[in-house]
1. Order Lys74, Lys50, most accessible first, counting only protein heavy atoms with a 1.4 angstrom probe.
2. Tell me the carbon and sulfur percent of the accessible area for the stretch 70-141, rounded to whole percent, probe radius 1.4 Å.
3. Roughly speaking, what is the centre-to-centre gap between the stretch 58-104 and the stretch 126-147 when only Cα atoms are used, to the nearest Å?
4. Whole-Hz Karplus ³J(HN,Hα) for the stretch 10-16, in order, using 6.51 cos²θ - 1.76 cosθ + 1.60 and θ = phi - 60°, x for Gly and Pro?
5. Just reorder Leu73, Leu43 by solvent-accessible area, largest first, 1.4 Å probe, all chains present.
6. Please give the net charge around Lys134, taking every other residue with its beta carbon less than 11 angstrom from that of Lys134, where Lys and Arg add +1 and Asp and Glu add -1.
7. What list of ³J(HN,Hα) couplings, whole Hz, do you get for the stretch 59-67 from phi and the Karplus terms 6.51, -1.76, 1.60, once you set θ to phi - 60° and write x for glycine and proline?
8. Need the list of lysines near Lys74 for cross-linking: C-alpha distance under 26 angstrom, and skip anything on the same chain fewer than eight residues off.
Amino acid sequence: MRSKRDNPFTEFDRLTTEIEEMFFRFYGGPRLRMMKGGAFQPLADVFYAKQSNSIIVKLEIPGISPGEVRLTLKDKALIIEGARTDPQQEGETVYQQMEIDYGPFKRKIVLPVEVDVEDSKATYQDGFLTIELKVIQKSNDAVNVPISVRKAKEE
């Protein structure tokens, strides 16, 4: 089992993402990020479901085909990538108001526990992508560790 000490930047990456999101929401939201050439980030809920012993990640991605989304589990992190294309961008379009985010997106969600990749599933319905990640059960049984005795070196 890998600990947070194996990668000292895991917690730093999470904090950086949270602070960045807070500033973007406060100072102009996603428009500021888009003007700087960055990707938008769909809204997400992450929670633990006791009845199924799963971490649930629910993403709001209306207008995005599930076939255009890629899910990757790596180092206790779920990476969700995709893109929303604007069909109106064909030819010249002059917007009076533009509030819908288009373009590529990428969300990295650090998971609080280890999950079973083989027993994970994702479903898409009504603009929401729901990812269910089963928590790996760790044994809490005590294990005796044998002690070996070495003889002292004779001089």
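The values are calculated or read from the model by the stated rules, or taken from the named source; none is laboratory data. Small disclaimer: the values here were computed from a predicted structure and weren't measured. Reconstructed Cβ throughout: ideal geometry from the backbone, glycine too, with neighbour counts over all protein chains shown. Note: areas computed on protein heavy atoms with side chains; ligands, DNA, RNA excluded. Shrake-Rupley method; radii C 1.70, N 1.55, O 1.52, S 1.80 Å.
1. Sorted descending by solvent-accessible area, the residues read Lys50, Lys74.
2. For the stretch 70-141, the apolar C and S fraction of the accessible surface comes to 47 percent.
3. 31
4. Result, ordered by residue: 4, 5, 4, 4, 4, 5, 4 Hz.
5. Largest to smallest exposure gives the sequence Leu43, Leu73.
6. Result for the local shell: -4.
7. Listing the rounded values in order: 10, 8, 9, x, x, 10, 5, x, x Hz.
8. Leaving aside lysines fewer than 8 places away in the same chain, those within reach of Lys74 are Lys4, Lys50, Lys58, Lys106, Lys108, Lys121, Lys134, Lys138.
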